[in-house]
Amino acid sequence: MAVDVPGLVALVVFYVVILVIGIWASRKSKKVEKTCAGSKSEVTIVGGRNINILVGVFTMTATWVGGGYILGTAEAVYSPSQGLIWAMGPPAYFINFLLGGLFFAKPMRSKRYVTMLDPFQHSYGNSFTTALLIPAMICDVLWVSCSLAALGGTMSVILGLSSVISIVISAAVSITYTLLGGLYSVAYTDIIQLCFIFVSLWLCIPFIVLNPAVSDVSHTAFFNQSNDNAWLGELKLDDAGKWVDEMLLLALGGLAYQALHQRILSAASSAQAQITCFAAAIAAFIMGIPSVIIGAMATSADWNQTAYSLPPPYERGDAGKILPLALHFLTPPWVSALGVGSLAAAVMSSVDSVLLSSASMFTQNIYKKILRKQASEKELQGVIRVSVLLVGVVGAGLAFLEDSVFSLWIVSGDLIYCLILPQLICVLHFSCANTYGAISGYIVGVVLRGLSGEPLLGMPPVILYPGWREKNGVITQYFPFRTISMFASLLCIPTVSYLVQLVFSRNMLATSWDFLGVFSKRKETEEEEIPVSPEMSNSIRNTKL
């Protein structure tokens, strides 16, 4: 396939514009560093806590509206085995931001944390915080690879450009401006990227609707004798458990992403953080509508009337590329070039946020508080940049290995959902939670999720939940096994915490058995904080004399 030179030129221009905006924002960041009361590393991580509401809404929405969201939504609507009812992104993200504003924004922002891991470090110590960092960073790397793989596939379809070159260039641009300006560069480039996504995708829709190869979508909405691919889809009772599991994974799992809390913590106040979440809920839902429409139109298209010809995309295994295929074969070349630009914008708006997310957690919670407690601000800035580079390189490398965008999108959140979400809920909302309960919940989550298996990783299940199916020697769970793992961990944390606290508070075990030092340290702290009246002080002094 020949390279589309005009489209490639347009894409390069777009990348240059984004890079220039990122450089400009980095200069703004430097000015804030001089006037901000906080440290330079905090300016890089949370923008000096003065990101205004409008910028906050844009950057929070853009972080979620990535390549996986846009392509995955269109793929779900188009796929014969799924349909609109399986396009979970828009409603799930609406719920995610709504819950984030109601239950997480205020407790996180009011205590002026710098990262999502700060409450764990304060309550449970360094070792357990390190254990939580591992799944969080794995998830971020998979998110980067998912986004870049989506863009690589899109550019190969529309521009005829090698997916390897596409991934390398996109990763390089995102890494560069994230290195330069931290959250300021990420936030201000997100504004341009989100606007470009919205305008270009909506611009493509009229051309697809008016294409003679596309019939009335009402004729393909439902299954019938002449239509075996209905874009509305259907939810069978046997599939209900899988649907619930994936919906809750997307709706609740996002609450434990550092990228979400980074924007919450960058707000000027708790109230502003909540407003940002609520506004982003509406914006993210709206941003998913074009993908739904394009997926439905692709279902109604007679591909034999296009240069793509037959068999249709889903029979060729190209359902994951349906959005770029629709843009390329159902719109004029200049329109499809805008479409690939919107996908590039979506990918970079997510990739840059995730790069900064991992770098922030490692620098703030591991390097600064464990490895180098006396590290200078200059040294911390250097660590952030090196971390951004490493996460970007590893994520780009993994992007070459995976073709299914939607599968990576689901798998990347498994560890966050099953391990970190229950921990975050308990550390913020359960005062009884302690290190013993946290460790127990972590182990329960890891064991149950691991024993449930993962086909994409070649892990056969040990626990076979009701409704499992086997196809070509691969077992798939149709029971909400991820949610079972999450709720088991969530139940275990406060239960074990309460029982252990009960044992030590009633002296059933001596404090010498408190090998984690949870209650012995607490007792020492309480003794130090006991107020002493002047009369008691004089009595003690006289007794000593």
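Calculated FRET efficiency, ILE282 to THR511, Cβ-Cβ distance, R0 = 45 Å: about 0.30 to the nearest 0.05.
Calculate, in nm to one decimal, what ILE138 and ALA172 gain on full extension: separation in residues at 0.36 nm each, minus their alpha carbon distance.
10.2 nm
Suppose only helical runs count, i.e. DSSP H with n ≥ 4. What mean residue ellipticity at 222 nm does that imply for the chain under -39500 (n - 2.57) per run, divided by all residues and rounded to the nearest 500 deg cm²/dmol?
Numbers: 22 runs with 360 residues, N = 545.
Mean residue ellipticity at 222 nm (helix-derived): -22000 deg cm²/dmol.
Using Cα centres only, tell me the gap between segment 434-504 and segment 141-218 in whole Å. Measuring centre to centre over Cα atoms gives 35 Å.
Cα centroid separation, segment 362-380 to segment 273-294: 36 Å.
What is the local net charge at PHE14, summed over the other residues whose Cβ is closer than 15 Å to its Cβ (Lys, Arg +1; Asp, Glu -1)? Residues close to PHE14 contribute a combined charge of -3.
ALA240 to VAL503: extension gain in nm, 0.36 nm per residue of separation minus the Cα-Cα distance? Could the numbers behind the result be given before it?
Values: separation 263, 0.36 × 263 = 94.68 nm, distance 4.20 nm.
Here the segment from ALA240 to VAL503 would lengthen by 90.5 nm.
The Cα atoms of segment 206-302 cover 56, 38, 17 Å along the three principal axes, with the biggest extent listed first. The largest-to-smallest principal axis extents of the Cα set in the chain are 103, 58, 36 Å.
Karplus-derived 3J(HN,Hα) values for segment 171-178, using 6.51 cos²θ - 1.76 cosθ + 1.60 with θ = phi - 60°, are 5, 5, 5, 4, 4, 4, 6, 5 Hz; glycine and proline are entered as x. Note that segment 303-311 has calculated 3J(HN,Hα) couplings of 5, 5, 8, 10, 5, 5, 6, 9, x Hz, one per residue in order, obtained from phi through the Karplus relation 6.51 cos²θ - 1.76 cosθ + 1.60 (θ = phi - 60°); glycine and proline are x.
Suppose the chain between GLU379 and ILE53 were pulled fully straight at 0.36 nm per residue; how much longer would it get relative to their current alpha carbon spacing? Don't skip to the answer; put the middle values down first.
Values: separation 326, 0.36 × 326 = 117.36 nm, distance 3.10 nm.
Length gained, GLU379 through ILE53: 114.3 nm.
Taking packing as the residue-averaged number of other Cβ atoms within 10 angstrom, the listed peptides 473-481, 139-147 run from highest to lowest as 139-147, 473-481. Local charge for LEU380 was computed over the other residues whose Cβ lies under 13 Å away, with Lys and Arg +1 and Asp and Glu -1, and equals +3.
Scanning residues 5 or more positions from ILE51 or on other chains, those with amide H under 5 Å from its amide H are ALA268, with H placed 1.01 Å from N in the peptide plane.
Bear in mind that the values in this text are calculations on the coordinates, not laboratory data. Nothing here was measured: the structure is a model prediction, and the numbers come from that model. Positions of Cβ are backbone-derived with ideal geometry, glycine not excepted, and every protein chain shown enters the neighbour counts.
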